[in-house]
1. Where in the range A:1-72 are the strands (runs of 3 or more DSSP E), entirely inside, with at least 1 residues that are more than 10 Å from chain B (Cβ to nearest Cβ), among the small types (Gly, Ala, Ser) and surrounded by fewer than 12 Cβ atoms within 10 Å (Cβ to Cβ)?
2. Scan the range A:34-64 for residues that are more than 30 Å from B:Pro8 (Cα to Cα), touching an Asp or Glu at 6+ places or on another chain (Cβ under 9 Å) and in contact (Cβ under 8 Å) with a residue 12 or more places away in the chain and jot them down.
3. Please list, ordered by residue number, the strands (runs of 3 or more DSSP E) wholly in the range B:13-55 having 2 or more residues that are surrounded by fewer than 19 Cβ atoms within 10 Å (Cβ to Cβ) and more than 10 Å from chain A (Cβ to nearest Cβ).
4. Take B:Tyr35 and tell me if it is of a type in the set (Ser, Thr, Tyr) and under 22 Å from A:Lys49 (Cβ atoms).
Amino acid sequence: GDSVTQMEGPVTLSEEAFLTINCTYTATGYPSLFWYVQYPGEGLQLLLKATKADDKGSNKGFEATYRKETTSFHLEKGSVQVSDSAVYFCALSDLNSNQFYFGTGTSLTVIP
Amino acid sequence: KAGVTQTPRYLIKTRGQQVTLSCSPISGHRSVSWYQQTPGQGLQFLFEYFSETQRNKGNFPGRFSGRQFSNSRSEMNVSTLELGDSALYLCASSPRERTEAFFGQGTRLTVV
């Protein structure tokens, strides 16, 4: 079945450091891929998405590229800020419905 | 446009009781999905409704049920509550398949 494997955390970085959170997926066909972010006590907010191979999703300085050959969708940001501290979830959506499969989440803490 | 609204935000129930959670999707969205989030199991899919019909159901016992009304609002019900049902329950709405899901802030259920 479909699944998402995400880099384990927690991750602690200094402000302005480079961020990479690895995500790989298993799915039949070519699903849509997403990164969501969750702040304490809140629901999930969409960060970025990609719907087909080689698409690059980007938002607020974050980027991820849909790599079909490596079944990956790694999240990157060139310079993190304290306000980026949150839990990040990689997800894919089933081809024929709106069921999402989520990774386990990666907690990011950015220290000044 | 108003986002996904979940009520109540917090609930405390006793073992054996039942509970009903409510979700109002974004206007125009016909798909509503429910997820359970716990520290141990992460985000797990409960069920999805589209135009009042349940399209998908996750691997949860029959104590978990849901429905969707003609205005797309949805409710989920958990009967005979167990301590292990304590979780954040998230509702998400989508306008169509294979696109992003928009999440509410969740209902935090505590079973004592």
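1. Numbers: elements: A:3-6, A:11-14, A:19-21, A:23-26, A:32-38, A:44-50, A:56-59, A:62-65.
Once the strands (runs of 3 or more DSSP E) in the range A:1-72 are filtered for at least 1 residues that are more than 10 Å from chain B (Cβ to nearest Cβ), among the small types (Gly, Ala, Ser) and surrounded by fewer than 12 Cβ atoms within 10 Å (Cβ to Cβ), what remains is A:11-14.
2. Quick first cut of the range A:34-64, residues more than 30 Å from B:Pro8 (Cα to Cα) only: A:50-64.
Next, only the ones that are touching an Asp or Glu at 6+ places or on another chain (Cβ under 9 Å) stay: A:53, A:56-57, A:60-64.
Scanning the range A:34-64 gives A:Ala53, A:Gly57, A:Lys60, A:Gly61, A:Phe62, A:Glu63, A:Ala64.
3. Qualifying strands (runs of 3 or more DSSP E): B:19-24.
4. Values: of a type in the set (Ser, Thr, Tyr): yes; under 22 Å from A:Lys49 (Cβ atoms): yes.
When the stated conditions are applied, B:Tyr35 passes them.
Each reported figure results from applying straightforward, stated rules to the coordinates on display, with no laboratory input. All figures in this text were calculated on a predicted structure; none of them were measured in a lab. Glycine also receives a Cβ, built like all others from the backbone with ideal geometry; neighbour counts cover every protein chain displayed.
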